[in-house]
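The values are calculated or read from the model by the stated rules, or taken from the named source; none is laboratory data. Because the structure is a prediction, the values reported are computed rather than measured. So basically every Cβ, Gly included, is an ideal-geometry build from the backbone, and we count neighbours across all protein chains shown. We work out accessible area using only protein heavy atoms, side chains counted, and drop any ligands, DNA or RNA first. Shrake-Rupley method; radii C 1.70, N 1.55, O 1.52, S 1.80 Å.
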Amino acid sequence: MNPASRRVQRIYLILLLGNTLAASFIWGINTLFLLDAGLSNFEAFAANAFFTAGMVIFEIPTGVVADTVGRKASYLLGTITLSVTTALYWMLWVWHSPFVWWAVVSVLLGLGFTFFSGAVEAWLVDALTSTGYTGSLEAVFGRGLVVTGIAMFAGSVLGGVIAQATNLGVPFLVRAGVLVVMFIYAFVVMRDLGFTPDRSRGPVKATRLVLSESIEHGLKRRSVRYMILSAPFASGVGIYAFYALQPYLLELYGDPSAYSIAGLAAAILSLAQIVGGVVAPRIRTLFAKRTSTVIGASLLSVISLVVLGLNSLFWLAVVFLMVWGFVFAVAEPVRQAYLNDMIPSKQRATVLSFDSLFGSLGGVFIQPALGRSADLWGYGASLMIGGLVELIGVPIMLASRRQNDPADTKTVQADAAAPEAPLPPA
C-alpha cells in the first residue's frame, strides 16, 4: 500500500469510526427508548420499519446525489440530516408523541442513512484504484469492520452507562453532537478521487438513468442479481434481532431497568465484529469461492438465532449472541468484495445503493411482523421465526454461486492473509 492509498484508507477508517461511534450511542438502548416513550413492541418495531422504508424511498434519489454531485457531498448531507433528525427523535421522546410522528421522523432518519449507503464505500474503492492500490478489498473492508467494532463497543457501552446515569434521552443528544464533528472533519479532508461527477442531466433524468443502470448492472447480471435478492432476508432479520436482543437480554437477566446490560448486547456484537473483521480475510482463503464463505456464515447465523430463541439462560444467550455477531462479521467484507468486483466503477455507488435498498426493503416488512410475534409469543419465539426467515435467502445465494462469476474465485493477494492494524489519524 503506497502513501496515497494509505491516506485514503486512513480517512475511510476515521469516517467509519466517527459514524459508528455516533450511531452506537443509541444502539444498545434504542428499543428501550421507544418503549419508554409509550410505544408497544409492535409500534416500536413499526417505527424501525418506517426508518427502513425511508431508506427504500430515498435510496435511488440519494444515489443520484452520490453519482452526479459527488460522494463527499452525499456524505456531508447525511451527517447533517442525521444530526437534525436525531434531535427530533429526542424531542418526540420528551413529549411522548403519538406514533404517527415517530413514523414521520423515522422516515427522515432513513433519508439520512441513504446519503451514506453506497457513497462512502464507492468513494473508498474509486480512491484506492486512483492511487494505485493493488491489494485485496477484503483486507480493507476487514480493517473497516475492526474499526467499527471498536467504535460500536465504546459507543454502546457508554450509551448504556450514560442512560443509566442520566436518562434514555441523553445518548441521542451525544449522537447528534458527534455527527456535527464528523461533518467538519469530512468537509476538510474528503476529496472525490478517481471519480468525476456527471452533472450533465437534470435530477429527474438522472434518477431515471440511475434506476436503469441499477437494473442493467445489478438485476440483469445474474450473479449480482441473486446476491441482491438475498439481501432482504438476512438484513431484515438482522436488524430486528439486533434491537430485539436488548429487551430479551434484560428479560433473561431479570432486571428491566438495567440499561447497561442492554448496552451489553451491542458491546458483545462489537467485540465479535472486531474478531470477525480481523480473521475474515484468513477465513476467505480457506474456500475456493467467496460465496462459500457467505453461505456458510448465513447457515451458522440461522442456527445461532434458533438456539437464542430456545434458550432460557442469560450466559448462554451471551455466548450465542457473540457467535451470531462473529459469523456476520466474517461474511460481510467477503460479500462486499464480491459485489464490488462485479460492478463497473461508474455505476458502483448506484448498484451498491440498490443492494442496500433491497436490504432495507426486507426490514420494512420483516421487522413489524417479528415485532408482532414478540407481542404474541415472546422474544424467543420471534428470534426462532427470524432464523427460519433468514434461511430463505440461502438458496438464492446458491443461485449466485452457480453463475461461476470470475469475482467469486478472484485470487486473494498476500495482504489479505495478514491485515494490518488500523492506522492512527493523520
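General remarks:
- Among the residues here, Glu138 qualifies as within 17 Å of Arg348 (Cα to Cα), touching a Lys or Arg at 6+ places or on another chain (Cβ under 7 Å) and not hydrophobic (A, V, I, L, M, F, W, C).
- Filter result (modelled with pLDDT under 85, among the aromatic types (Phe, Trp, Tyr) and open to solvent by 20 Å² or more (accessible area, probe 1.4 Å)) within the stretch 101-146: Phe116
- Qualifying residue in the stretch 370-383 (condition: of a type in the set (A, V, I, L, M), open to solvent by 50 Å² or more (accessible area, probe 1.4 Å) and in contact with a Leu (Cβ under 9 Å, 6 or more places away or on another chain)): no
- Exclusive hit being assigned to a loop (DSSP other than H, G, I, E, B), touching a residue at least 12 places away in the same chain (Cβ under 8 Å), over 30 Å from Asp192 (Cβ atoms) and out of contact with any strand residue (DSSP E or B) (no Cβ under 7 Å at 6 or more places or on another chain), set Ser106, Ser97: Ser97
Yes/no per residue for (1) more than 29 Å from Tyr338 (Cα to Cα); (2) small (Gly, Ala, Ser); (3) surrounded by fewer than 17 Cβ atoms within 10 Å (Cβ to Cβ):
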{"position": "Tyr240", "(1), (2), (3)": "no, no, no"}
{"position": "Tyr259", "(1), (2), (3)": "yes, no, no"}
{"position": "Ala267", "(1), (2), (3)": "no, yes, no"}
{"position": "Ser270", "(1), (2), (3)": "no, yes, no"}
{"position": "Gln273", "(1), (2), (3)": "no, no, no"}
{"position": "Thr293", "(1), (2), (3)": "no, no, no"}
{"position": "Ser298", "(1), (2), (3)": "no, yes, no"}
{"position": "Ser304", "(1), (2), (3)": "no, yes, no"}
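- Residue within the stretch 56-76 that is open to solvent by 20 Å² or more (accessible area, probe 1.4 Å) and free of Cβ contacts under 8 Å to residues at least 12 places away in the same chain present: yes
- Scanning the stretch 306-335 for residues that are open to solvent by 30 Å² or more (accessible area, probe 1.4 Å) and either of a type in the set (Lys, Arg) or within 21 Å of Phe115 (Cα to Cα) (or both) gives Glu332, Arg335.
- Of residues in the stretch 30-89 being hydroxyl-bearing (Ser, Thr, Tyr) and closer than 30 Å to Gly378 by Cβ, the one modelled with the highest pLDDT: Tyr89
- From the list Val161, Val157, Val189, the one residue that fits, being surrounded by fewer than 22 Cβ atoms within 10 Å (Cβ to Cβ) and either in contact with a Lys or Arg (Cβ under 6 Å, 6 or more places away or on another chain) or within 23 Å of Thr81 (Cα to Cα) (or both), is Val189.
- Subset of the stretch 2-50 (residues that are in a loop (DSSP other than H, G, I, E, B) and either free of Cβ contacts under 8 Å to residues at least 12 places away in the same chain or out of contact with any helix residue (DSSP H, G or I) (no Cβ under 7 Å at 6 or more places or on another chain) (or both)): Asn2, Gly38
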